[in-house]
Every structure is written in structure tokens, then in C-alpha cells.
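Below is one structure; the comments refer to it alone.
The values are calculated or read from the model by the stated rules, or taken from the named source; none is laboratory data. Computed from a predicted model, the values in this text were never measured in an experiment. Reconstructed Cβ throughout: ideal geometry from the backbone, glycine too, with neighbour counts over all protein chains shown.
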Amino acid sequence: MKKKIGVVLSGCGVRDGSEIHEAVLTLLAIDRNGAEAVCMAPDMEFSEVNHLTMEETGATRNVMVESARIARGAIRNIKQVQAADLDAIIFPGGFGAARNLCNFADKGSAAATQPDVARLIREMAEARKPIGAICIAPALIAAVLGKEYAPSVTIGNDAGTAAAINQTGSTHVECPVREFVVDKEHKIVSTPAYMLATRISEAAEGIEQTVKALLDLI
């Protein structure tokens, strides 16, 4: 039976949702490794950003509806997903991970997390099921698990973000773009992707290795 890997999306587009390259590369790596992706997102509103001007439009969109674009319609409401349904979980990056799934982008180490997202992350940690995080998404994991688990994660080498992660009780580990960091004790795998990548091939290499490492921890 195929391993089921939850892929938590946060919208569609780097500035206000999931980073599309990272999300697609994650789905591809899961499939190439013989596992099944289970895409999910919270049913909530967010502020839309025009990806041509990089400015907010004043309009709002729905995270789950927008995430369905990446998932080709096969999307689940994260509220209805439990750790028992999954073998592992992974979070692509993009500003949505730090603005929609939590508010780390504004609050740093004091970030609050969307309740259903926080619940599922905690359930996975309690069940000792592997958790993957890409780009800025490790900050989300740090915000949820820092105080209780003190995990080790990476977002690459951005000093300000690393300091905020350390303030959650987690430990930031510097990492090159094509590599990844494994916290074996807590079964957490992370990679910098577009926190450092200047080319899609750089992001792809780190993501492919991260997904493989995630599956190896199951």
C-alpha cells in the first residue's frame, strides 16, 4: 500500500500563498518515490497580492479554493484530516506559510498558528510521524513545536529569520540550498529552497532529497 503524505498548501502564489514551484516539485518527488500525496488546506480568507505589481489588491481570496488550483481540485479541508490518516506530512513554502497558516511574517517568534494547522502538526509530532518543511515553512514548525520539542530546522542562512526561530525554543541550523537538515529525534526534515535558490533546479535538488529523507523516516 502506498504511503500517504499530507501536503499542506496555503494558497496559490509565492506572495500570498504556496510557492508554486516548491509545491509542484514536492508533489512530483512524492509520486516519483512511490507515495501518494494528500493535498489539504485551511478553509479561510486571505488578502490577495497582485503577482505582477507585488502589491495587495484590497481583495480577499480563500486559501482552500486557491490551493485547489495546484492540487487540480483534489483538496481536503485540513479540519477534517487527522494524523491517523497520514504516514507523514510536508509544508511547501511561500508567504502563505508565514501569513495564512500562521502569522510569523508579522509576529516572528510570537506567531500564532491557524488552529487546525497547529492541531495537525502537534498530532503528527505526538504520533512520531515525520514532518517536512520547505523554504519559510520551518518557521511555522518552530512556532508550533518550539517550546515543547525544541526541534532543529533550517531556512538557509537568513540571520533575522534564524534568530526568530531560535527565540521559539527551536534551533536553527545553517544549510546550503541544495541540501537539507534532519532532526532525527523529532523526525523533522527541512530545506531552504527559495529562501536561497536563484534557479528552480537548485530548489528541486533540495526538495527531492527532503522528500526522500521524509519517506525514509516513516
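State whether the residues of segment 164-172 include one that is over 18 Å from residue 93 (Cα atoms), crowded, with 24+ Cβ neighbours inside 10 Å and touching a residue at least 12 places away in the same chain (Cβ under 8 Å). Scanning segment 164-172, I find at least one residue that is over 18 Å from residue 93 (Cα atoms), crowded, with 24+ Cβ neighbours inside 10 Å and touching a residue at least 12 places away in the same chain (Cβ under 8 Å), so the answer is yes.
The sole residue among 88, 83 that is surrounded by fewer than 21 Cβ atoms within 10 Å (Cβ to Cβ), in contact (Cβ under 8 Å) with a residue 40 or more places away in the chain, within 26 Å of residue 180 (Cβ to Cβ) and among the hydrophobic types (A, V, I, L, M, F, W, C) is 83. Inside segment 165-180, residues that are touching a His at 6+ places or on another chain (Cβ under 9 Å) and not polar (S, T, N, Q) make up a count of 1. Among the residues of segment 173-181, at least one is touching a strand residue (DSSP E or B) at 6+ places or on another chain (Cβ under 7 Å), among the aromatic types (Phe, Trp, Tyr) and either buried (at least 20 other Cβ atoms within 10 Å of the Cβ) or touching a residue at least 24 places away in the same chain (Cβ under 8 Å) (or both). Restricting the first member to segment 20-46 and to residues that are more than 12 Å from residue 208 (Cα to Cα), and the second to residues that are of a type in the set (Ser, Thr, Tyr) and outside any helix (DSSP H, G or I), the beta-carbon pairs closer than 6 Å and six or more apart or on different chains are 45/60. The residue list 19, 66, 48 contains one member that is at pLDDT 95 or above, surrounded by fewer than 23 Cβ atoms within 10 Å (Cβ to Cβ) and either touching a strand residue (DSSP E or B) at 6+ places or on another chain (Cβ under 9 Å) or of a type in the set (Gly, Ala, Ser) (or both), which is 48. Please work out if residue 96 is of a type outside the set (A, V, I, L, M), in contact with an Asp or Glu (Cβ under 9 Å, 6 or more places away or on another chain), surrounded by 18 or more Cβ atoms within 10 Å (Cβ to Cβ) and assigned to a helix (DSSP H, G or I). Criteria met by residue 96.
Got at least one residue in segment 187-197 being more than 15 Å from the chain's Cα centre (by Cα) and in a loop (DSSP other than H, G, I, E, B)? Within segment 187-197, one or more residues are more than 15 Å from the chain's Cα centre (by Cα) and in a loop (DSSP other than H, G, I, E, B).
Report, by residue number, each residue of segment 1-16 that is assigned to a loop (DSSP other than H, G, I, E, B) and either within 21 Å of residue 118 (Cβ to Cβ) or in contact with a strand residue (DSSP E or B) (Cβ under 6 Å, 6 or more places away or on another chain) (or both). Across segment 1-16, the qualifying residues are 2, 9, 10, 11, 15, 16. Of all residues in segment 55-76, those that are outside any strand (DSSP E or B) have Cβ atoms under 9 Å from Cβ atoms of residues that are of a type in the set (Lys, Arg), 6 or more apart or on another chain, in 64/76. Among helices (runs of 4 or more DSSP H) entirely within segment 99-178, having at least 2 residues that are within 29 Å of residue 4 (Cβ to Cβ) singles out 115-126, 137-149.
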